[in-house]
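Taking it in order: structure first as C-alpha cells, then the write-up.
Rule-based calculations on the coordinates, nothing more; no lab input. All of these numbers come straight from a predicted model, not from anything done at the bench. Cβ: placed from backbone, ideal geometry, glycine included. Neighbour counts: every protein chain shown.
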Amino acid sequence: MKIVARDIPPRAAWALEQAGVHPLLARLYAARGITGQHELDDALARLLPPHTLRGAREAAALLADAIALDKRLMIVADYDCDGATACAVGVRGLRLLGARHVDYLVPDRVVDGYGLTPPIARRVAQQGAQVLITVDNGIASCEGVAEAKALGLAVLVTDHHLPGPQLPEADAIVNPNQPGCTFESKSIAGVGVMFYVLMQLRAELRARGVFDAASQPRLEPLLPLVALGTVADVVRLDCNNRRLVAQGLKRIRAGQMQPGIQALFDAAGRKAPAATTFDFGFALGPRINAAGRLADMTIGIECLLTDDPARAAQLARQLDAINRERRELEGGMREQAMLLAESLFEEGDAPPPAISVFDPDFHEGVVGIVASRLKDKLHRPSFVFAASSEGGKLKGSGRSIPGFHLRDALDLVVKRHPGVVLKFGGHAMAAGCTVAAEHYATFEQAFAQVAQEWLDAATLTRRLETDGPLAPEYCRAELVDTLHREVWGQGFAPPTFSEEVQVLSQRLVGEAKNHLSLKLLHQGQPVDAIWFGHTEPLPERALLAFRLDVNEWRGERRVQFLVEGVEF
C-alpha cells in the first residue's frame with residue numbers, strides 16, 4: 001500500500017478560511033475541489049433547476065394529464081435501496097400532487113431479473129394500470145417498454161444508469177446520462193431523478209392553475225428518503241447531491257422524517273438526532289438492501305411508505321432480521337470466494353490483474369457484496385458468479401478499482417467473444433452480467449486479458465489518499481463531532497489523516513480476536529486506536545492512515561483513531 005497526501009490548493013483553503021470556514025474544514029474542502037463558500041451553501045434554492053433535466057417537462061405534462069384524467073399509475077421499482085427510496089418518493093409525491101391511484105411493483109431479483117422486462121410490463125397491464133413509471137431502471141429496457149406500449153400503456157422512464165446504443169421508445173425519458181441532456185449533475189441517483197420529476201410536475205400543475213405558490217404541496221418532507229437513497233447508491237457527491245443529502249440530514253436530525261426511517265434508525269441502534277451519512281451507507285441502506293437480496297423488496301418499500309409507526313417498527317425489525325441472515329450468508333460466501341481467489345496465484349506472488357470466481361452454492365443475491373469484499377482485499381477488479389434460476393446461466397456482479405472502467409471492460413469482452421456474455425450493464429466501478437455457464441472459463445480468461453492490457457503497475461498498487469498530518473489541537477471530541485456532521489461519501493471522501501506514529505502497545509480484541517487494539521504516541525500525546533479486521537502486529541514505528549472517532553466510556557468522551565492502512 002502506498003499512502004499519499006492530497007494536494008491542498010493554498011489559495012482555495014485561504015479563501016474558505018477568510019469566509020469563516022473552520023481552518024481544518026477549509027483545508028479538507030479545498031483538497032476536495034471546493035473553491036468558494038457558495039459551493040458549501042446547501043440551501044434548496046441552490047439546487048439545479050428541474051427544467052434543465054432533459055425530458056422533465058414532457059414527463060411533467062404526461063403525469064399532469066394522467067392526474068387530471070384520474071388515470072391509474074404504476075411504478076416499476078428496482079430492488080436496491082436507491083430503487084426502494086425512489087419508489088417511496090414517487091408514490092408519496094404523486095399522491096401529494098393529486099394522483100388518487102398510485103401503486104408499485106418491484107421485480108424479484110432471482111425470478112424476474114433486472115429492469116422492466118416484457119413479463120413485468122404484462123403484469124402492470126393485468127393489474128389495470130394505464131401509466132407505467134420506471135424508477136432507477138428502464139433506460140436499457142427497450143423490449144419491456146415496447147411491450148408496455150403495445151399493451152396500450154403510457155410509459156415514463158426515470159433512470160440514472162448509462163444508456164445502451166438504443167434508447168427505449170417511451171413517451172418520456174428523464175435521465176441525466178441520456179444523449180443531449182445538459183443537466184450538470186450526471187451522478188444524481190435514481191431517487192434524485194424521481195424527486196426532480198416531482199418538482200417539475202408541481203411547476204406544471206402551478207402553470208395549469210391547480211395550485212399556486214401558497215397552496216402547493218411541500219415536497220421537502222421527501223428529502224430524508226432522497227438523502228438515504230443517494231448515499232446508499234454510492235453515487236458521487238457533487239455539489240447538487242451534497243445539497244440533497246444535507247437537506248435530508250437536517251430534517252432527520254430535527255425529527256422530521258417518515259416513520260420507516262425512524263424505525264430503521266431504532267432497529268440499527270443508531271441515533272437519528274445525530275444522523276450522519278455513515279448511518280445511511282452502513283446501517284439503514286444495508287437493511288433495506290437485504291430485503292432485495294434475500295427476500296422481497298416490498299418489505300423495504302412498505303417500511304418507507306407506511307405512516308403508522310407501529311407497522312414501521314415491525315417492518316424495520318423484519319428487515320433487521322433479514323440483514324442478519326444476509327451477514328451470515330455473506331460471511332460463508334466471502335471465505336469460500338477468498339479461497340477460490342487465492343487458488344489463482346501462489347502464496348507470496350501478486351494476484352492476477354483481475355479476479356473471477358464461481359461456486360454452485362453461492363447465492364445470487366449476495367454476489368455483489370462478496371465481489372466488493374474481494375476487490376477491497378486484493379485490490380483487483382473482481383467478479384463473483386452464482387448459478388441463475390434460469391438453467392445454463394450464471395449471474396455475476398463485479399466491482400472495480402480506480403482506473404479500470406468495468407462496464408467498458410465488459411463491452412470489450414462482448415465484442416471479442418460473441419455469445420459468452422448474454423447481457424450486461426453498469427458503471428465504471430460496479431457492473432453485472434449474465435454468462436452462459438459453458439462459457440464461464442472463456443469469460444474468466446477474456447476478462448483477465450482486458451485487465452492485463454488496461455492496468456499497469458501503478459494502477460495495481462493500492463493507493464490510500466489522505467489529508468496528511470493532523471495537528472494536535474484538532475484532536476478533540478467536539479471537533480470530531482463537527483466533522484461527522486458534514487456530508488461525506490463517494491467522490492467527497494471522509495477525512496483520513498496520515499503520519500508516522502510510535503506504537504506503545506497492541507493486542508487482539510473481539511470475540512474472534514480479529515481486531516487490533518493499539519495505544520499510540522501521536523504528536524507526543526497517547527491515543528487509543530483500533531484496526532478492525534486486522535491481526536498482524538505493527539512495528540514500533542509505522543506510517544498510519546486513520547480516521548477520527550469518539551469513544552464513550554463511563555461518561556468520558558475520548559478521541560480514538562480508526563486505522564485504515566499502514567505503509568511499512
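Our helix-only sum for the chain, with -39,500 (n - 2.57) per DSSP H run of n ≥ 4 divided by its residues, gives a mean residue ellipticity at 222 nm of -12000 deg cm²/dmol. Taking amide H positions as modeled 1.01 Å from N, with prolines and chain starts lacking one, the residues under 5 Å from V174 and 5 or more places away or on another chain are V157, T158, D159.
Here each label is just a point 7 Å from Cα along the line to Cβ, and for E500 and F345 those points are 2.9 nm apart.
Expressed as a fraction of 2.2 N^0.38 Å, the rule-of-thumb size for a compact globular protein of N residues, what is the C-alpha radius of gyration of segment 281-338? Don't skip to the answer; put the middle values down first.
Working: Rg = 12.5 Å, N = 58, 2.2 N^0.38 = 10.3 Å.
Against the empirical 2.2 N^0.38 Å value, I get 1.21 for segment 281-338.
The slack between E325 and Q18, meaning 0.36 nm per residue of separation minus the straight C-alpha distance, is 105.4 nm.
Extents of segment 44-321, largest first, come to 48, 44, 34 Å (Cα atoms, principal axes, whole angstrom). Karplus-derived 3J(HN,Hα) values for segment 134-141, using 6.51 cos²θ - 1.76 cosθ + 1.60 with θ = phi - 60°, are 8, 10, 6, 6, x, 5, 9, 8 Hz; glycine and proline are entered as x.
Once you reduce segment 426-440 and segment 446-491 to the center of their Cα atoms, the two points are 27 Å from each other.
Most simply put, the chain has about 65% antiparallel DSSP beta bridges, counting only bridges with both residues inside it.
Excluding same-chain neighbours fewer than eight residues apart, the lysines reachable from K415 by a Cα-Cα span under 16 Å are K423.
Here segment 239-293 and segment 506-561 have alpha carbon centers that stand 28 Å from each other. Show log10 I(q)/I(0) for segment 464-567 at q = 0.10, 0.20, 0.22, 0.24 Å⁻¹, two decimals, from a solvent-free Debye sum over equal Cα scatterers. The Cα Debye sum returns log10 ratios of -0.27, -1.11, -1.30, -1.46. Scalar couplings 3J(HN,Hα) for segment 517-524, obtained by applying the Karplus form with A = 6.51, B = -1.76, C = 1.60 to θ = phi - 60°, are 9, 10, 10, 10, 10, 10, 6, x Hz; x denotes Gly and Pro.
To the nearest 20 debye, what charge dipole does the chain have about its Cα centre, counting +1 at the Cβ of each Lys and Arg and -1 at the Cβ of each Asp and Glu? Display every interim value, and only then the final one.
Working: 61 positive and 69 negative charges, 239 e Å.
Roughly 1140 debye, rounded to the nearest 20.
A simple rule links phi to the HN-Hα coupling: the Karplus curve 6.51 cos²θ - 1.76 cosθ + 1.60 with θ = phi - 60°, which for segment 538-546 gives 9, x, 5, 10, 8, 8, 9, 9, 8 Hz, with x for Gly and Pro. For E511 and R123, a Förster radius of 60 Å and the Cβ-Cβ distance give a FRET efficiency of 0.85, rounded to the nearest 0.05.
Under Stokes-Einstein, with the Kirkwood radius over Cα pairs standing in for Rh, what whole-number D in µm²/s applies to the chain at 37 °C and 0.692 mPa s?
Working: Rh = 25.1 Å.
D, rounded to a whole number, is 131 µm²/s.
Within 10 Å of each candidate Cβ there may be at most 14 other Cβ atoms; applying that plus a DSSP loop requirement, which chymotrypsin sites (Phe, Trp or Tyr not before Pro) in segment 470-557 survive? Sites meeting the loop and neighbour criteria: F532.
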